[in-house]
Structures are given as structure tokens and as C-alpha cells.
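Worksheet for the structure shown next.
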Amino acid sequence: MTTPHHLAATAAAWSLQEARRRLAQLARDEVRLADAGLLAAASALRSPTYGTRHSSGDHGDPTGQWAGTREPRITTWADLLDRLDHRLRWLGDTLRCPDGPALGRILTALPTLQPGTARVVAAHLADEDAWVRAACRMPAATTPLPGVECPHCGERQLQVLCAGPVDAWVVVCATGRPCTGQGCRCGMPGAVEGAPHIWPRARVLGAVAGVVPKRNPRTGKRDRHDRPAHR
């Protein structure tokens, strides 16, 4: 089954896999540096024990109001990786995915999910991808698609979500205008009312998928073979 929700969930899974790979590399580097004795000053990164009150009644640290009383600890890249993997295992178990690596399990199960379930999974994966990329200071896995008109609104604000294998890349419209469902100008089979517009890349660029449209230097127009297949 392929609907906009399935496309969004698949794109989010591939993006998260890319982000997880970076997080795992940081965790490995952290262990290597620790083994080499280059993280001897790590104890200086420990957080204070929040929640200790002075006689004035104030907390010893202004963040104590959020943190409460807790033991000092260090959050490592390995901690973040464990947290992510735990959540992915939970999601895979909830979906009753086949055994295997967490994201691989989810990717295998995605085509079999009902659209409503795929929508929820897409939201989960997008949230996880966002916090991992923020922690690792990674940009989103998107690139502009200049000069190509949106199949729905005609504006040239398309972006390619380019994580994972090339044939899994998708295109979204940055305007954020929702789909109106069956009969929508987006032309997507299985269109869902209210869903963000998303297309397989090949549907937008046709037989020249992956080629960034070029303009003729004399006419200023796109070459015919670079024009979107769907208008």
C-alpha cells in the first residue's frame, strides 16, 4: 500500500537511519577517546545537584525548578544512542515487525500498515529524527529543487528529501498546503485529504528523475527533457 502517509513514514525512516549512523559514530569516537585517556576532564561536565535550597529558600541553581533533585550524571553519545534504540525497539514491537535491526524492521513493515497507522509512525519517526539531528548538529536531509513547479500549486518551492537509496527519495512542497483528497490537483494515487503533499521523486521529474532542471541560457526556459512529467 502506498499513500502520502506511507511515503512520509518511509522518508522519515531513511532520514532517521542516516542520523542514527552519525550518532553511532559519535558514540564510537567517544569510547575511542576515553580509551586513549583523552576524556580525563569529562568529570568537569557533570551537572550540579539541583534542588538544594539555601536559607533564603531559593534553589542553588536556576534550572533546579525544572530538574528537581537528582544525582550528578553525564549524558554521553552512547546514552543518546541507547535511548533512540530503545524507542525504536518499542515501536517495532508495537507494530509486530519481524526480527532484525530496529529501523530495518520498521521499513519492512511500513508497506503493510493501514494509512492511519502509517501517519502515526511517520510522526514518531520524524520526531526522533529531529532530536537526533539537533543533538548531532546535523541539517535536515533536504535539498531544494530549483526551477521545478509544484504539481499542486505551481509554485517553485519543492524540496527533495534525499536520505536513503535514490529510488526512495521523495519530493515535498515547502508551502505546506494540504491535499484536498481524491481529485486533488496533486495527482497522487491514494491522495488523503489534509495530508501534506508528498510525491515519489520520479513522479515529479519523470524519466529524468534526479536531474536538476537547467535553463537554456538563450531563452531562459527549461529544456523540454528537464520539465516535470506531471503538471
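The values are calculated or read from the model by the stated rules, or taken from the named source; none is laboratory data. Predicted, not measured: the structure shown is a model, and the values here were computed from it. Cβ: placed from backbone, ideal geometry, glycine included. Neighbour counts: every protein chain shown. Just the protein is used for accessible areas: all its heavy atoms, side chains included, with ligands, DNA and RNA removed. Shrake-Rupley method; radii C 1.70, N 1.55, O 1.52, S 1.80 Å.
Suppose every Lys and Arg Cβ carries +1 and every Asp and Glu Cβ carries -1, with no other charges. What dipole size does the stretch 93-152 come out with about its Cα centre, to the nearest 20 debye?
Values: 5 positive and 6 negative charges, 8 e Å.
Around 40 debye, computed over the stretch 93-152.
Between V166 and D35, the FRET efficiency from the beta-carbon distance, with R0 = 25 Å, is close to 0.10. Phi-derived couplings, Karplus 6.51 cos²θ - 1.76 cosθ + 1.60 at θ = phi - 60°, listed residue by residue for the stretch 137-151: 6, 9, x, 4, 7, 10, 9, x, 10, x, x, 9, 7, 5, x Hz, with x used for Gly and Pro.
Largest first, how would T94, T3, T112, T117 line up by accessible area (1.4 Å probe)? List each step's numbers first, then the result.
Working: T94 80, T3 10, T112 105, T117 55 Å².
Reading off the accessible areas and sorting them downward yields T112, T94, T117, T3.
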